[in-house]
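Shown next, in structure tokens, is the structure this report addresses.
The values are calculated or read from the model by the stated rules, or taken from the named source; none is laboratory data. Computed from a predicted structure; not experimentally measured. Methodologically, a virtual Cβ is constructed for each residue, glycine included, from the backbone with ideal geometry; neighbour enumeration extends over all protein chains shown. Note: areas computed on protein heavy atoms with side chains; ligands, DNA, RNA excluded. Shrake-Rupley method; radii C 1.70, N 1.55, O 1.52, S 1.80 Å.
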Amino acid sequence: MSKKGKVLANSFLYTFSTLLIRAINFILLPVYTLFLTPVDYGITNLISSFTNVATYVIAFSLYSAIIRFYADYKYDEVKLKRFYGTVIIFVAISGAIFVSSGFLLHTLLVSWLFEGVAFYPIVAISLITLTFTCFHSIHQYIMQGMQQGKKLTIVNLIVFAFQVGLNLLFIGVFKYGAVGVLIATLIINSGYFLYMLFDLNKNHLVTLCLDKKLLKEALKYSVPLMPHNLSTSIAGFTSRVFINNNGSLASVGLYSVASQFSVIIDTIQAAVNRAFSPWFYDIMNNGENKNEVISLSRFLLILYSLLYMGIGLFSQEVIILMTNEKYFMAWTAIPVL
């Protein structure tokens with residue numbers, strides 16, 4: 001298969017799996033909104049938005065470096081293994097510092113970011129989960145950089161199936177509400193951490209170490225990208241904090257349901273970009289025909305624009321059909337988003 005063909009194949013796999021997951025989440029909206037009150041939904045989404053920001057901060061956006069430097073190190077097995085090991089050890093240290101600081105400064109953390117949310121157990125569980133979530137992302141980006149689209153798709157679907165199963169168990173059977181969703185997330189990400197170690201060791205892809213030279217090169221590349229990578233996450237988290245501080249957690253819940261529609265576009269763009277990035281770096285490194293990059297980018301922009309229009313036209317009807325009546329007013333935020 002040609003390099004461009006592989007990009008298109010991986011784009012299809014990433015987009016298919018990601019959209020399938022989003023589609024199932026939409027189908028499950030009646031279930032989630034039945035067992036979770038708007039307050040519970042607000043709490044889980046406030047925590048989720050915080051996690052999206054915190055994981056990039058903990059990892060110093062090294063996810064981008066994993067893809068970038070695979071193109072440089074893929075022919076040097078020893079260097080590649082040390083690079084992956086360095087990223088893992090650095091994130092472990094950074095995560096320990098961040099989480100410890102969160103527990104030490106929990107009073108300020110709650111008053112500034114989580115008004116009305118109990119630190120124990122809700123925020124505490126989310127802090128414990130953070131580093132495991134970072135490792136989850138690291139492994140995903142390693143597979144992405146190696147263009148293992150099929151494997152990544154299968155792993156994501158299996159993880160999602162377990163996540164849904166645990167969510168339904170904890171909120172539907174045990175009636176744990178928002179805490180149940182957070183417990184399920186902790187179990188999934190800690191379990192995935194063990195799988196990551198097994199997979200990297202089995203495929204001889206990692207040497208656990210802290211190579212300062214490799215780390216410096218990676219951070220020199222990744223840190224300037226942090227504002228870009230964090231922009232969407234910070235906007236989402238800030239909006240939820242603002243709504244919570246000036247309204248209520250229930251309002252955050254309604255806003256979060258509405259935001260799922262705008263997330264669809266982000267999801268598609270991110271899925272395609274996961275396949276596009278490794279191909280782009282290969283094109284740039286090898287000095288191949290850059291017109292292919294231009295033509296493919298133009299096609300993608302047209303596709304995204306059509307999707308924006310479609311979602312805008314039918315969002316209100318979907319909200320009414322797919323959610324509990326307590327959430328009907330969520331549609332009013334969708335046009336703005």
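Descriptive notes on the structure:
- Residue in region 280-313 that is modelled with the lowest pLDDT, counting only those that are charged (D, E, K, R) and within 23 Å of Phe69 (Cα to Cα): Glu288
- Sole residue being under 20 Å from the mean Cα position of the chain (by Cα), open to solvent by less than 40 Å² (accessible area, probe 1.4 Å) and among the hydrophobic types (A, V, I, L, M, F, W, C), chosen from Val110, Val155, Val117: Val155
- Matching option when the condition is open to solvent by 40 Å² or more (accessible area, probe 1.4 Å) and touching a His at 6+ places or on another chain (Cβ under 8 Å), among Lys81, Lys74, Lys150: Lys81
- Of the numbered criteria (1) open to solvent by less than 20 Å² (accessible area, probe 1.4 Å); (2) of a type in the set (Phe, Trp, Tyr); (3) touching a Phe, Trp or Tyr at 6+ places or on another chain (Cβ under 9 Å); (4) closer than 21 Å to Thr133 by Cβ, the one Tyr32 fails is (1).
- When region 217-236 is filtered for residues that are surrounded by fewer than 22 Cβ atoms within 10 Å (Cβ to Cβ) and of a type in the set (A, V, I, L, M, F, W, C), the ones remaining, listed by number, are Leu219, Val223, Leu225, Met226, Leu230, Ile234, Ala235.
- Options Val87, Val7, Val31; residue that is at pLDDT 95 or above and in a helix (DSSP H, G or I): Val87
- Within region 261-269, the presence of a residue that is among the aliphatic types (A, V, I, L, M), in contact with a helix residue (DSSP H, G or I) (Cβ under 9 Å, 6 or more places away or on another chain), open to solvent by 30 Å² or more (accessible area, probe 1.4 Å) and farther than 23 Å from Phe12 by Cβ is excluded.
- Residue tally, condition of a type in the set (A, V, I, L, M), in contact (Cβ under 8 Å) with a residue 40 or more places away in the chain, out of contact with any Ser or Thr (no Cβ under 8 Å at 6 or more places or on another chain) and farther than 19 Å from Met196 by Cβ, over region 59-103: 1
- Residue list for region 35-60, filter: part of a helix (DSSP H, G or I), open to solvent by 30 Å² or more (accessible area, probe 1.4 Å) and more than 30 Å from Ala92 (Cβ to Cβ): Phe35, Val39, Asp40
- Residue within region 134-141 that is modelled with pLDDT under 95, assigned to a helix (DSSP H, G or I) and in contact with a helix residue (DSSP H, G or I) (Cβ under 6 Å, 6 or more places away or on another chain) present: yes
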